[in-house]
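Got a structure for you, questions after.
The values are calculated or read from the model by the stated rules, or taken from the named source; none is laboratory data. These numbers come from a predicted model, not from an experiment. Neighbour counts run over all protein chains shown; Cβ positions are idealised from the backbone, glycine included. Ligands, DNA and RNA are excluded from the accessible area calculation, which covers all protein heavy atoms including side chains. Shrake-Rupley method; radii C 1.70, N 1.55, O 1.52, S 1.80 Å.
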Amino acid sequence: MDFPTLHTERLILRAFTQADAPALFAIHSDAQAMQWFGSDPVVDQLGADALLAFFINLPHMAAPGMRWAIERRDDARLIGSCGVFKWNKSWRSCSLGYELAHAAWGHGYMRESLESVIGWALEGMQLNRIEALVHPRNTPSLRVLENLGFAREGQLRQGGYWLEQYHDLVQLGLLKHEFIQPQPKLTLA
């Protein structure tokens, strides 16, 4: 399948290119932005290049997925990424992952991105279920997912390991019929 470009009111979600390497390094080397990501921050451009190659090749892997670069429309700045991975076609399910540059937190960009990606994935990939794992102290991320219809299903004790320690993770799941679609904005004539 061709990599889809998704458009929202303020964002363009597109395929990654090699030109994104410096911006991806800036995001993934920021320890504060990566505290909840689930892996250690990258320490050099080689690490960012490897991550970029992973994102670009994700659609061609054994358990494929799609990872979108999140770009602001107004300044064409890469502010993060989001996508689905571990696509199990026969089970019609996958996992969700995302991160955002620290300077872009608190503006609703991730919700806007996820609404578009989830809507596309449920239809385009014929999914019934999307899963997510979130650190229990990552309240903004939990709130975004729950506002989109995700339900907490349990906690994985020491389910993740990064920054030289184990972390519990909240398991969330979204079924297709539970997805809370964004409401169209009404304008008065």
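Test each condition in (1) open to solvent by 30 Å² or more (accessible area, probe 1.4 Å); (2) touching a residue at least 12 places away in the same chain (Cβ under 8 Å) for G65 and report the one that comes out false.
Exception for G65: condition (1).
Give the residue that is surrounded by the fewest Cβ atoms within 10 Å (Cβ to Cβ), with candidates limited to residues of region 140-156 that are modelled with pLDDT of 95 or more and assigned to a strand (DSSP E or B).
Selected residue: G154.
A further question on this structure: Would you please name the residue that is most open to solvent (accessible area, probe 1.4 Å), looking only at residues in region 69-86 that are in contact (Cβ under 8 Å) with a residue 40 or more places away in the chain and more than 18 Å from A26 (Cβ to Cβ)?
Selected residue: D74.
Could you tell me which residue of region 1-26 is least open to solvent (accessible area, probe 1.4 Å), considering only residues that are assigned to a loop (DSSP other than H, G, I, E, B) and farther than 20 Å from F54 by Cα?
T8
Please find, within region 108-138, the residue that is farthest from the chain's Cα centre (by Cα) out of those that are among the polar types (S, T, N, Q) and assigned to a helix (DSSP H, G or I).
Among those residues, the one meeting the criterion is S116.
Find the residue count for region 113-139, including only residues that are touching a Gly at 6+ places or on another chain (Cβ under 8 Å) and either open to solvent by 50 Å² or more (accessible area, probe 1.4 Å) or over 23 Å from R14 (Cβ atoms) (or both).
Residues meeting the conditions: 4.
If we keep just the residues of region 27-47 that are over 17 Å from the mean Cα position of the chain (by Cα) and more than 16 Å from W162 (Cα to Cα), which is surrounded by the most Cβ atoms within 10 Å (Cβ to Cβ)?
Going through the qualifying residues, I end up with Q45.
If you don't mind, there's one more thing I want to ask. One residue is enough: does region 42-60 have a residue meeting the conditions over 23 Å from S29 (Cβ atoms), in contact (Cβ under 8 Å) with a residue 40 or more places away in the chain and touching a helix residue (DSSP H, G or I) at 6+ places or on another chain (Cβ under 8 Å)?
no
Being in contact (Cβ under 8 Å) with a residue 24 or more places away in the chain, within 10 Å of the chain's Cα centre (by Cα) and surrounded by 18 or more Cβ atoms within 10 Å (Cβ to Cβ): is that true of G97 here?
In short, no.
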